[in-house]
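This report concerns only the one structure given below.
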Amino acid sequence: MTEHSDIAVVDFFSRLLKEPQSSGPVEKPKVLVKEAELTLSAEQVGLQQLLSKVSAFDEKDEPPKEPSSPFTSSKSKPEIIVSDSTAKETETAADIGSEKSFLHQRLEGEFQALFFKVAGLTLAVPLVELGGIIHEVRVTHLPGQPTWIKGVMTHRDQKINVVDTAAWVMPEKYDANLQKQVDYRYVVLLQNSQWGLACEELLDAESINKEQVNWRVNTAKRPWLAGLVKKQMCGILDVGALIEQLSSQGHIAG
Amino acid sequence: MKIWTVANQKGGVGKTTTVVSLAGALVKQGKRVLVIDTDPHASLGYYLGIDSEEIPASLYNLFVEHQSLTESKIQAHIVPTSVDHLDLLPAAMALATIDRQLGHEDGMGLVLRNIIDNVSSSYDYAIIDCPPVLGVLMVNALAACEQVLIPVQTEFLALKGLDRMIKTLKLMDRTQQQQHRFIVIPTMFDKRTKASPLALRELQQSYSDHLWNGLIPIDTKFRDASLAHTPVSHCAPNSRGSVAYRRLLQFLDSERGVS
Ligand SMILES: Nc1ncnc2c1ncn2[C@@H]1O[C@H](COP(=O)(O)OP(=O)(O)O)[C@@H](O)[C@H]1O
Ligand SMILES: [Mg+2]
């Protein structure tokens, strides 16, 4: 490990190991401020801001309402090390950068992916684009929705549109017979969107290299299918493109 | 309660086997033991005959609900095993998403410590199994314990993974202003090979202060034990492997091990 990555690791530890603040006078995280001076990466500026967040453990008795974004919480504003405008600039730049990019451009050389199964078909989703997993599928079907929407369910106070993944991925094969056989047990959440994919089985989370994927060049037909993982011979999802397509075809803002 | 974490950033070195074998030896002494699986592969549960995808709730749910943990809620997630006095807090594949879901929240490395605190009156020992990757789960496992056991397979290039693990511990200690005690445990020692004695000598040269002076031999009884979903202490109590883990336990519970 280089000195630089050491700093990143220590910063990671500092955040995770942040002790609950006592009810006494608020102490400034001295060590952390020093660490921040050593580095200027946008991510770490973000980490510094996060440090102002009141730890979850403080209000164990009265769980606080989760802020929609960690950046909006500002119960006790810390000394800001880098000015707001700088932080904003970085954020906007990152947004533009990721908006229309292809999955393989967003991923590191080596990345983790979760493999899951639907109607005999295996699909992979990069962990960095995964929003979470719900361990049940309890949806309410609303009239007038496309057939590939299984229904909506509420998860952590958020409404999630659950996609009937088999119907979405292979509409040509999806008949009443197949529909009867599919036994959805989990919902794979897509980033922080309102969309989740119903699936039958979670297989494994595995590290894969970008070179182990056959990336599709022309994605006009199925933009959500970024490529094929060679070893497992399964499709890998471009979550960003998928959310976009689901939102436009489901007439729901993702 | 004593809390031990078995960790190594390398897979297949005997972490899970060490957790189960020590737990087995402890319950044979009449101790109440909780084993905790933080590895999304859930191989500890699998070893003990519990299919993580078949149980309704796991450590994952406790992480997701970390803001509202109570003792009874935690107890509801702990499952008994087929071994008397041995309970399991199981893992699930969904744990693989914890880094992404919760890794940005302050204090997320202290969830497991909080969980164990809540049930500490029910057990004499807690032994934590780790995934082989450095992430939120491993940080939780390390932050929750006083003593880290690092199994190292006595083979060619064994030290590479060990160096990385010890560096991780040191960086963490620097952050936490805590000093982890760690013990290196040579595993799968096969005296008929060239590599095993060589690796052991290397360990003695580089880590003599932290090296357990015994070793865990290679023993097919471990495979039999895992196929039978029982600790080796229960299915082959007098095997060389079982005796070796009993010695390790003696050492850990002795002055030096506890120090
Ligand atoms: N001392 C030993 N002798 C023989 N086989 C062993 C020994 N220790 C572990 N094994 C076997 O090696 C494999 C990996 O061990 P495991 O404990 O699962 O490692 P880890 O948890 O570090 O990935 C398992 O199949 C286990 O049965
Ligand atoms: Mg293991």
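The table below lists the values:
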quantity: Computed FRET value (nearest 0.05) for A:Q249 with B:F156, which takes r as the C-beta separation and R₀ as 51 Å; calculated: 0.40
quantity: Label zone at B:Q250 (point 7 Å along Cα-to-Cβ), backbone N below 19 Å, the range B:208-232; calculated: B:211-218, B:232
quantity: A:C234 long-range amide H proximity, modeled H, under 5 Å; calculated: A:V229
quantity: For chain B, calculated [θ]222 nm from helices alone, where every DSSP H run of n ≥ 4 adds -39500 (n - 2.57); calculated: -12500 deg cm²/dmol
quantity: Exposure of B:S52 as accessible area (Å², to 10), given a probe of 1.4 Å and all protein chains; calculated: 20
quantity: Solvent accessible area, Å² - A:F12, 1.4 Å probe, full protein context; calculated: 40
quantity: Gained length - B:R164 relative to B:D190, 0.36 nm times residue gap less alpha-carbon distance; calculated: 7.0 nm
quantity: Backbone HN-Hα couplings from phi across the range B:170-185 [Karplus 6.51/-1.76/1.60, Hz, Gly and Pro as x]; calculated: 5, 5, 5, 4, 4, 6, 8, 6, 9, 10, 6, 8, 10, 10, 8, 10
quantity: B:H210 paired with B:R32, simple spin-label distance in nm, labels 7 Å along Cα-to-beta-carbon; calculated: 3.3
quantity: Kirkwood-based shape ratio for chain B, expressed as Rg/Rh from alpha carbons; calculated: 0.94
quantity: Under-5 Å amide H pairs with A:W195, H placed in peptide plane, nonlocal only; calculated: A:N161, A:L190
quantity: Between B and A, accessible area buried - total, square angstrom, nearest 100, 1.4 angstrom probe; calculated: 3700
quantity: For the range B:70-127 and the range A:194-229, distance of Cα centres in Å; calculated: 32
quantity: Choice from B:A25, B:A42, B:A228 with maximal GNM fluctuation in chain B (Cα, 10 Å cutoff); calculated: B:A228
quantity: Greater than 29 Å apart at Cα, pairs in A:K230/B:K167; A:K117/A:K210; B:K10/B:K194; A:K159/B:K73; A:K230/B:K221; calculated: A:K230/B:K167; A:K230/B:K221
quantity: Distant-in-sequence amide H partners of B:A228 (H built 1.01 Å from N, under 5 Å); calculated: none
quantity: FRET efficiency, 1/(1 + (r/R0)^6) with R0 51 Å, evaluated for B:D224 and A:Q158 via beta carbons; calculated: 0.60
quantity: Computed label-point distance, nm, for sites B:D84 and A:K117 using a 7 Å Cα→Cβ extension; calculated: 3.9
quantity: Karplus-derived 3J(HN,Hα), 6.51/-1.76/1.60, for each residue of the range A:221-238, Hz, glycine and proline x; calculated: 6, 10, x, 6, 9, 7, x, 10, 7, 5, 4, 8, 6, 9, x, 10, 8, 9
quantity: Theoretical FRET efficiency, 1/(1+(r/R0)^6), r = Cβ-Cβ of B:E71 and A:K180, R0 56 Å, to 0.05; calculated: 0.80
quantity: Residue order for B:F156, A:F116 - accessible surface, 1.4 angstrom probe, largest first; calculated: B:F156, A:F116
quantity: Centre separation in Å (Cα based) which lies between the range B:177-232 and the range B:18-63; calculated: 21
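The values are calculated or read from the model by the stated rules, or taken from the named source; none is laboratory data. None of the values given here were measured: they were computed from a predicted structure. Ideal geometry is used to build each Cβ from the backbone, glycine not excepted, and the neighbour counts take in all protein chains shown. Remember, those area values only see protein heavy atoms, side chains included, never the ligands or the DNA or RNA. Shrake-Rupley method; radii C 1.70, N 1.55, O 1.52, S 1.80 Å.
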